[in-house]
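Down below is the structure, laid out as structure tokens.
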Amino acid sequence: MIPLTGAPPRPFSGRLNPPAAVWVVLLLFCVFALAVPRFASAGNLENLLRVGSILGIAACGQTIVLILGGIEFSFGASAALASVVTVLALPSAGVAGGFAAGATAVLLVGFVNGTLVARFSLPPFLVTLGMLMVAGGGAAVLAGGLPIDAPPSDAFSWPARGRVAGIPVPILAAAASFALLHVLLAHTRAGRLWYLVGANGTAARLSGITVWRVVLAGYLLAGAFCALTAVILTSRVASGQPGLAPNLPFETIAACAVGGIPLAGGQGRAVQTLCGVLVIAMLNNAVVLLNLPVAYQQLMIAAVILGAVILQQAPRLLLLLPVRPARQPEEDRS
């Protein structure tokens, strides 16, 4: 058996470690604070965190899937399905019941994804890509292809616009999500099993670990993070949108990659995801403040992602450089 006590695996060897990712965030913040007007104002920082919190919650779920060696492309379609189901359920179930129905739809998608990956060993890429189309198509069919407006309600708008002790609810939800992810990964048996299965599923199975249960639990928890994201998004747009958040899965993958989490599985921590989310949120915010076209936003994010990937692979690239033979002393060559 692989021991499940003691220190967790070291997920950072040879890659961008948390202190480095934190320094990147601080450097980027200083650059934008000096170069972009109103970037460091209190109102803008609150808006930055409020918008970034939605990406951050979903990225927590993507982090678990990546650590398991998988990838999740159906987050956006799941959120769209949840928004439509929520609004359709409002008349009969009320606000709480509507949100619960939408969250259940997302959890069902996560259960199907996890079952297909864990029990039938299907590639996560193909499973979640197929589920993207199934969930997106289901949302379009239920909504008739058009957005469905929700009745105006303070309770319905509270998840996106409410405050607790003066702090916006989405920011509090994101902080709780990152805290939960950190505890799960660093201090629980489930987190250790995710690292072990993601690093080497065959070895974990031979060690007596029930791998499919570990994978299924990971996908279900990722679905729970996506469900919370869907609740906040649906509350913000106040409608059931069949085309809600189409880029959400790609943005969560980008946030994890920028934070230094590899796609090979077995590595990653909450602080890395948090740093990646903050980098992307600051880039998006700076582009908006500078009134740059959306194309610049995509180019800037792509450049940051490529830079992060190159930085992660720098040790390996250096090892591939040709090694020059040491110069022989003149007397030896003679």
Contour excess over end-to-end distance, with Cα ends at Leu299 and Ala35 and 0.36 nm allotted per residue:
93.2 nm
Pull out a ≥ b ≥ c, the square roots of the eigenvalues of the alpha-carbon gyration tensor of region 45-85, then state rounded if a/c is under 1.5, prolate if not and a/b is larger than b/c, and oblate in the remaining case.
oblate
If you average the sequence gap of Cα pairs under 8 Å that are 6 or more apart and divide by the length of the chain, what percent do you get for the contact order?
33
Using a Förster radius of 41 Å, what is the FRET efficiency between Leu122 and Leu306 based on their Cβ-Cβ separation? Nearest 0.05, please.
0.85
Per residue and in cubic angstrom, what volume does the convex hull of the Cα atoms of the chain have?
191
Hey, what does the equivalent ellipsoid look like for region 101-147, semi-axes from the Cα gyration tensor as sqrt of 5 times each eigenvalue, largest first, whole Å?
23, 13, 6
The answer for Gly240, listing residues at least 5 apart or on another chain whose modeled amide H is closer than 5 Å to its amide H, is Ile148, Asp149, Ala150
Computing the accessible area with a 1.4 Å probe over protein heavy atoms, can you report the carbon and sulfur percentage for the chain?
69
Rounded to the nearest 10 Å², the accessible area of Cys30 at probe 1.4 Å
70
Once phi for every residue in region 93-104 is put through the Karplus expression 6.51 cos²θ - 1.76 cosθ + 1.60 (θ = phi - 60°), the whole-Hz ³J(HN,Hα) values, with Gly and Pro written as x, are 10, x, 5, 4, x, x, 4, 5, 5, x, 5, 5
Top to bottom by accessible area (1.4 Å), largest first, where do Phe250, Phe29 land?
Phe250, Phe29
Report, in deg cm²/dmol and to the nearest 500, the calculated mean residue ellipticity at 222 nm for the chain, where each DSSP H run with n ≥ 4 adds -39500 (n - 2.57) and the sum is divided by the residue count.
-25000 deg cm²/dmol
How many nm is it between the label spots at Asn291 and Ala42, if each spot is 7 Å from the Cα in line with the beta carbon?
2.7
Once you have the alpha carbon radius of gyration of region 30-159, what is it after dividing by 2.2 N^0.38 Å, with N set to its residue count?
1.29
Taking Rh as the Kirkwood radius computed over C-alpha pairs, what is the Stokes-Einstein D of region 203-305 at 10 °C in a medium of viscosity 1.306 mPa s, expressed in µm² per second?
99
Kirkwood radius from Cα pairs of region 22-103 plugged into Stokes-Einstein at 25 °C, 0.890 mPa s, gives D in µm²/s equal to 155
Does region 233-283 come out rounded, prolate or oblate, given a ≥ b ≥ c as the square roots of the eigenvalues of its C-alpha gyration tensor, rounded meaning a/c under 1.5 and, failing that, prolate meaning a/b above b/c?
prolate
What number comes out for accessible area per residue over region 186-293 if the probe is 1.4 Å? Units Å², please.
35
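The values are calculated or read from the model by the stated rules, or taken from the named source; none is laboratory data. The shown structure was predicted, so the numbers you read here are calculated from the model rather than taken from an experiment. Every residue, glycine as well, gets a Cβ built from its backbone with ideal geometry; the counts of neighbours run over all protein chains shown. Accessible surface areas use protein heavy atoms only, side chains included; no ligands, DNA or RNA. Shrake-Rupley method; radii C 1.70, N 1.55, O 1.52, S 1.80 Å.
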